[in-house]
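Q: Right, I'll just put the structure down here and ask away after.
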Amino acid sequence: MLERWRAERREGSVSLSMMALVVSLVAALGLGLSSWVPEVMARDIGITDVEPGLLQVSQNAFGVQSLGAGLTVTLYDRGFRLSRGSTVLADTVTKGAPVVAVVGTVDTAGEHPREEVTSALTAVSIDAVTRDDETVTYSGVVHDATRSLPLRIVFEPTDGRIRMDVAVQGASGVAVNLDWRPATTGIEPALPARNLKARAYWMEPTVVEQPAFTWVLGTDVSIGPVGVARAVDLRQDGRIAIHVWSPRAVVTVTDTPRPAVEDSAP
């Protein structure tokens, strides 16, 4: 009887230990989910990732184009570079097309806008470049496997800045893909004055075309046109996608150094 009692006691102790272990694991899992789920949900703010496709450039479109006052735009097989002398002001994404055209709608009725993309034309072919004084225009198409839309990219100097005016006839919206740079920091009131790393943000809708963010290059980037839904997406490695819900997007780059902003986010 004594041995049987001791055996039952040992089994009971083991059962209690197993139960305690299970409870601890469930609590740990719940704690992990409670911290992970809100972070994921916070990033789901209705901005659709549209990954750029291939960029093809005709031989006669390559090279450096002067915009005056030391400003230049250069087209390589990997994209555009905006410069002042030897100083880089901005690059379009170096792995893929600088522009993506989207077809769909944007719902502005909720807490924040929400994109409904039905199709995306992700590949770009640039066929020609022309000049008119200090304005440089690149023409071509943005396309997918079944359709194409006319593309025009105009670069012009405005008060020492470079203005990149992208138009895709027939598109609902345009994404301009810039090459990622460290310390991409929002400028109020367009975007929060913090490091924008790894997240996507809608711009303040009432903001006119003024600087939206700066980065390690020391330049400011403005996004237009005014009066349409605009967003900045930094969730993917290697690129900053600027979403503009209009057949035309305007990205203006100016080399105005700003003091670094401390990132107080966790």
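Q: State yes or no: is Ala97 at pLDDT 95 or above, under 20 Å from Arg239 (Cβ atoms) and touching a Leu at 6+ places or on another chain (Cβ under 6 Å)? It would help to see each step written out before you state the result.
A: Values: at pLDDT 95 or above: yes; under 20 Å from Arg239 (Cβ atoms): yes; touching a Leu at 6+ places or on another chain (Cβ under 6 Å): yes.
Against the criterion (at pLDDT 95 or above, under 20 Å from Arg239 (Cβ atoms) and touching a Leu at 6+ places or on another chain (Cβ under 6 Å)), Ala97 qualifies.
Q: For residues that are over 14 Å from Arg239 (Cα atoms) and in a loop (DSSP other than H, G, I, E, B), scanning just segment 79-94, find the one that is most open to solvent (accessible area, probe 1.4 Å).
A: Across segment 79-94, the extreme among qualifying residues is Ser86.
Q: List every residue pair whose Cβ atoms sit under 6 Å apart, with the two residues 6 or more apart in sequence or on different chains, where the first one lies in segment 215-240 and is of a type in the set (S, T, N, Q) and the second, anywhere, is open to solvent by 40 Å² or more (accessible area, probe 1.4 Å).
A: Thr219/Asp255; Ser222/Glu209; Ser222/Gln210
Yes/no per residue for (1) open to solvent by 40 Å² or more (accessible area, probe 1.4 Å); (2) in contact (Cβ under 8 Å) with a residue 60 or more places away in the chain; (3) within 28 Å of Gly53 (Cα to Cα):
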{"position": "Gln169", "(1), (2), (3)": "yes, yes, yes"}
{"position": "Asn177", "(1), (2), (3)": "no, yes, yes"}
{"position": "Pro189", "(1), (2), (3)": "yes, no, no"}
{"position": "Arg194", "(1), (2), (3)": "yes, yes, no"}
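Q: Can Ala167 be described as assigned to a strand (DSSP E or B) and in contact with a His (Cβ under 8 Å, 6 or more places away or on another chain)? Even if it seems obvious, please write down each step before you answer.
A: Details: assigned to a strand (DSSP E or B): yes; in contact with a His (Cβ under 8 Å, 6 or more places away or on another chain): no.
The answer is no for Ala167.
Q: If I filter segment 42-65 down to residues being open to solvent by less than 50 Å² (accessible area, probe 1.4 Å) and part of a loop (DSSP other than H, G, I, E, B), which single residue comes out as modelled with the lowest pLDDT?
A: Initially, segment 42-65 is screened for residues open to solvent by less than 50 Å² (accessible area, probe 1.4 Å), giving 45-48, 50, 52-53, 55, 57-58, 61, 63, 65.
Applying the additional criterion that residues be part of a loop (DSSP other than H, G, I, E, B) yields 45-48, 50, 52-53, 58.
Details: Ile45: 88, Gly46: 95, Ile47: 97, Thr48: 96, Val50: 95, Pro52: 97, Gly53: 98, Ser58: 98.
This residue is Ile45.
Q: Starting from segment 119-137, take each residue that is over 13 Å from Arg152 (Cα atoms) and list its partners that are aliphatic (A, V, I, L, M) and not in a loop (DSSP other than H, G, I, E, B), counting only C-beta distances under 6 angstrom and pairs at least six apart or across chains.
A: Short answer, once both residue conditions are applied: Ser119/Val103; Ala120/Val100; Ala120/Val102; Leu121/Ala101; Leu121/Val142; Thr122/Val100; Glu134/Leu67.
Q: Hey, another quick one. Please pick out the residue among Gly218, Gly227 that is closer than 24 Å to Thr108 by Cβ and not aliphatic (A, V, I, L, M). So that I can check it myself, show each step before the final result.
A: On the way: Gly218 fails: closer than 24 Å to Thr108 by Cβ.
The conditions single out Gly227.
Q: Same structure again: Can you tell me which residue in segment 113-127 is surrounded by the most Cβ atoms within 10 Å (Cβ to Cβ), limited to those that are out of contact with any His (no Cβ under 6 Å at 6 or more places or on another chain) and more than 10 Å from Ile47 (Cα to Cα)?
A: Val124
Q: Hey, another quick one. Do you know which of the residues in segment 224-242 that are open to solvent by 30 Å² or more (accessible area, probe 1.4 Å) and of a type in the set (Val, Ile, Thr) is farthest from Phe213 (Cα to Cα)? Please lay out each step first, then the result.
A: Initially, segment 224-242 is screened for residues open to solvent by 30 Å² or more (accessible area, probe 1.4 Å), giving 226-228, 235-238.
In the following step, the residues that additionally are of a type in the set (Val, Ile, Thr) were identified as 226, 228.
Values: Val226: 16, Val228: 18 Å.
The extreme case among them is Val228.
Q: Is it the case that some residue within segment 126-136 is in contact with an Asp or Glu (Cβ under 6 Å, 6 or more places away or on another chain), hydroxyl-bearing (Ser, Thr, Tyr) and part of a strand (DSSP E or B)? Walk me through how you get there before you give the answer.
A: At the first step, the residues of segment 126-136 found to be in contact with an Asp or Glu (Cβ under 6 Å, 6 or more places away or on another chain) are 135.
Retained after the next criterion (residues that are hydroxyl-bearing (Ser, Thr, Tyr)): 135.
Checking which are part of a strand (DSSP E or B) leaves us with 135.
There is at least one residue in segment 126-136 that is in contact with an Asp or Glu (Cβ under 6 Å, 6 or more places away or on another chain), hydroxyl-bearing (Ser, Thr, Tyr) and part of a strand (DSSP E or B).
Q: How many residues are open to solvent by 30 Å² or more (accessible area, probe 1.4 Å) and aliphatic (A, V, I, L, M) if we restrict to segment 196-220?
A: 4
Q: Within segment 183-203, count every residue that is part of a loop (DSSP other than H, G, I, E, B), touching a strand residue (DSSP E or B) at 6+ places or on another chain (Cβ under 9 Å) and over 24 Å from Val99 (Cβ atoms). Working first, answer last.
A: Step one: filter segment 183-203 for residues part of a loop (DSSP other than H, G, I, E, B), giving 183-184, 187-194, 196-199, 203.
Next, only the ones that are touching a strand residue (DSSP E or B) at 6+ places or on another chain (Cβ under 9 Å) stay: 183-184, 187, 190-194, 196, 199, 203.
In the following step, the residues that additionally are over 24 Å from Val99 (Cβ atoms) were identified as 183, 192-194.
Looking only at that region, the number is 4.
Q: Continuing with the same structure: In this structure, is Pro157 over 18 Å from Tyr76 (Cα atoms), in contact (Cβ under 8 Å) with a residue 60 or more places away in the chain and part of a strand (DSSP E or B)? Give the steps one after another, and end with the answer.
A: Numbers: over 18 Å from Tyr76 (Cα atoms): yes; in contact (Cβ under 8 Å) with a residue 60 or more places away in the chain: yes; part of a strand (DSSP E or B): yes.
Yes; evaluated as a whole, the condition is true for this residue.
The values are calculated or read from the model by the stated rules, or taken from the named source; none is laboratory data. A quick note: this is a predicted structure, and the numbers were derived from the prediction, not measured. Virtual Cβ from ideal backbone geometry, glycine too; neighbours counted across all protein chains shown. Side chains included, ligands, DNA and RNA excluded: accessible areas come from the protein's heavy atoms. Shrake-Rupley method; radii C 1.70, N 1.55, O 1.52, S 1.80 Å.
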